[in-house]
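Asks: Pasting in a structure now, in structure tokens, and then I'll have a few things to ask.
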Amino acid sequence: MSVFDLGWGNSVAVREAFLNTYHGNPMVLAREELGKFDYPSHEGDPELVEITKKVILRQTGQKYEHVFLVNGATGGVIIALRAMKMRGAEICITRKPPFYVKYPVIIKTAGLEQVYQDDKNRDGVTLIDYPSNPLGLTTDFGASDIPKIIDGVYLNNIYMPLTLPVPHHDVMVGSYSKLTGMNGIRVGWLATNDASLAWRFGELVTAEYCGLDTASTNILKHTMQGLNWDQFETSARFKLDCNREEWTQLERFFDGKAVNPVGMFYYGSMDAKAQEIFKKAGVAWTKGSDLGTDDSFGRFN
């Protein structure tokens, strides 16, 4: 049994910074609050939607007319891909491996075929994680005439060391789970300025969720109102940088691969001896084969 599970993307350091910064009481289980547990708005609590528009603007510099609350960024990507399929897309173009571990099943669930950038592409949609998981890439790709979805769970002032121009896109997906480090909150957003896409999103979100749970919604409404953003962002970046600095001491096990200052992952080659050492230390990681490469590579949170 692993002592240190670094395989999945729990944002523990960011969560600590968030909880140390937030001032208030997000309690939603008192009798008075439970008495208000009616069915929620299908497309997201209106108050939290307006809060989310301001959060998106602060974190990305982008303004959107249409914002929907979804079941995490994963739910947002699936909804966006389904809407693109309804428009006639057959394929989903992603970065070449290594890619986010769940992209293949997400794309398959949406009814599309995954292909890689630079392949000869048919009609489809580009899905670009910016910055990428696990390599922290901030490069753009995809033809300008092909619809583009930005998976921006790390596109914010926490995981990015500097402000970069956001690639042109049709849809932006984001995540409170990653932004706050409260991964179990499972609330993300889906944003667009395309009215026809927004209409499809509304139908799909309603069919998929009929609204997100009231407890998570209320927690976020309370915590967003009691947050000092400057202090939180500074503290979270500092904690992540401390983790990166600590990890530099382990680079020798990965052929000297340098720690990336973007995102929250380390990805490098691991020979049999390195894997044996990490297993004996009780450290779990994500195998390269889960990311489209092979098990001579590993990803660490």
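Here, each number is a calculation from the coordinates, and none is a lab measurement. Here the structure is a predicted model, which means the values were calculated and not measured. Virtual Cβ from ideal backbone geometry, glycine too; neighbours counted across all protein chains shown.
Asks: Of Ser132, His169, Ala110, which is farthest on the positive side of the dipole of the chain, counting Cα position, with +1 on Lys and Arg Cβ, -1 on Asp and Glu Cβ, and the Cα centre as origin?
Replies: Final value for the positive-end residue is Ser132.
Asks: Among Lys273, Lys279, which comes first, then next, by fewest other beta-carbon atoms within 10 Å?
Replies: Lys273, Lys279
Asks: Using a 7 Å offset from Cα along Cα-Cβ at Ala195, what residues in the stretch 49-66 end up with backbone N under 19 Å from the label point?
Replies: 63-66
Asks: For the stretch 26-225, with equal point scatterers placed on the C-alpha atoms only and solvent neglected, what are the log10 I(q)/I(0) values from the Debye formula at q = 0.17 1/Å, to two decimals?
Replies: -1.13
Asks: While we're here: Once you've got the GNM for the chain with C-alpha springs shorter than 10 Å, pick whichever of Ile149, Ile93, Ile51 has the biggest mean-square fluctuation.
Replies: Most flexible of the set in this elastic network: Ile51.
Asks: In debye, nearest 20: dipole of the stretch 14-122 around its Cα centre with unit charges on the Cβ of K, R (+) and D, E (-)?
Replies: Working: 16 positive and 13 negative charges, 105 e Å.
I would put it at about 500 debye.
Asks: Would you order Arg200, Arg31 from fewest to most other beta-carbon atoms within 10 Å of each residue's own beta-carbon?
Replies: Arg31, Arg200
Asks: Taking the Cβ of each residue in Lys257, Lys280, Lys63 as the centre, tally the other Cβ atoms inside 10 Å and list the residues starting with the fewest.
Replies: Least to most surrounded, the residues fall as Lys280, Lys63, Lys257.
Asks: What is the calculated FRET efficiency for Ser289 to Arg31, with r their C-beta to C-beta distance and R₀ = 51 Å, to the nearest 0.05?
Replies: 0.55
Asks: To continue, here is another question. Of Lys102/Lys257; Lys96/Lys257; Lys53/Lys287; Lys54/Lys108, which ones are farther than 27 Å apart at the Cα? If you can, show how the numbers build up before the last one.
Replies: Numbers: Lys102/Lys257 24 Å; Lys96/Lys257 19 Å; Lys53/Lys287 36 Å; Lys54/Lys108 33 Å.
From Lys102/Lys257; Lys96/Lys257; Lys53/Lys287; Lys54/Lys108, over 27 Å: Lys53/Lys287; Lys54/Lys108.
Asks: Once label points are set 7 Å from the Cα along Cα→Cβ at both Lys221 and Tyr39, what is their separation, rounded to one decimal in nm?
Replies: That separation, rounded to one decimal, is 1.8 nm.
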